[in-house]
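Worksheet for the structure shown next.
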Amino acid sequence: MSPLLFGAGLVVLNLVTSARSQKTEPLSGSGDQPLFRGADRHDFAIMIPPGGTECFWQFAHQTGYFYFSYEVQRTVGMSHDRHVAATAHNPQGFLIDTSQDVRGQINFSTQETGFYQLCLNNQHNHFGSVQVYLNFGVFYEGPETDHKQKERKQLNDILDAIEDSTQKVQNNIFHMWRYYNFARMRKMADLFLTHSNYNYVNWWSTAQSLVIILSGILQLYFLKRLFNVPTTTDTKKPRC
């Protein structure tokens, strides 16, 4: 029975590990088939539980440029600390750079081909979850080539000029898309902050109004008691 229980425990551990750690691309199945690279850029929001950690993997070639930016949009729970810790590791597992702030960037040139690891840790917030918007990926300055380094065809001067111009336009569009994501990050964070301040002001104003009304009623009640004149009779007379 003990080997069966041990095997079941390993299966459960593998399922939990795969559910907590998310990869953007699968690994290659065999040596004959090419490595599936998947998408080169991603932008989405994720909720990180109190004290939790979320990790992602992104494939990159050796001649690429890796970018990673994040911003904490809102907090949910008792604590309101918006700081998170972000780390980037190379395919060998060594730390490349780290960032601990409400928003930050980690950019570097890829020195080797493989899966780069990105992790977000909500270590500063033990009593509340945080919603973090992510924007990460890899781009290449020159024309992209596959892993087999296929021989490129010789083109004439006109086609070379068209190719260079097209590549420059693509790079400019890509950088414009990155700046747009930065603006969208800030817009969503400001929107959540505005809603939070609006609710805070409404609740605080309501509480203060209730306190003012209650204090007025109590003052009126005690002032009225000061002017109460007791009725006098032959048997019940006020004392001197």
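The values are calculated or read from the model by the stated rules, or taken from the named source; none is laboratory data. Treat the numbers as computed from the prediction; the structure is a model and nothing was measured. Methodologically, a virtual Cβ is constructed for each residue, glycine included, from the backbone with ideal geometry; neighbour enumeration extends over all protein chains shown. All accessible areas refer to the heavy atoms of the entire protein, side chains included, with ligands and DNA or RNA removed. Shrake-Rupley method; radii C 1.70, N 1.55, O 1.52, S 1.80 Å.
At a glance:
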read-out: For Pro91: the one exception among (1) closer than 26 Å to His175 by Cα; (2) part of a strand (DSSP E or B); (3) out of contact with any helix residue (DSSP H, G or I) (no Cβ under 6 Å at 6 or more places or on another chain); value: (2)
read-out: Checklist (1) touching a helix residue (DSSP H, G or I) at 6+ places or on another chain (Cβ under 6 Å); (2) modelled with pLDDT under 50 applied to Gln73, failing item; value: (2)
read-out: Hits in segment 44-86 - residues which are of a type in the set (Ser, Thr, Tyr), under 25 Å from Ser109 (Cβ atoms) and either open to solvent by less than 10 Å² (accessible area, probe 1.4 Å) or within 13 Å of the chain's Cα centre (by Cα) (or both); value: Tyr67, Ser69, Tyr70
read-out: Those residues of segment 110-139 which are open to solvent by 60 Å² or more (accessible area, probe 1.4 Å) and without any contact (Cβ under 8 Å) to a residue 60 or more places away in the chain, in sequence order; value: Gln111, Thr113, His124
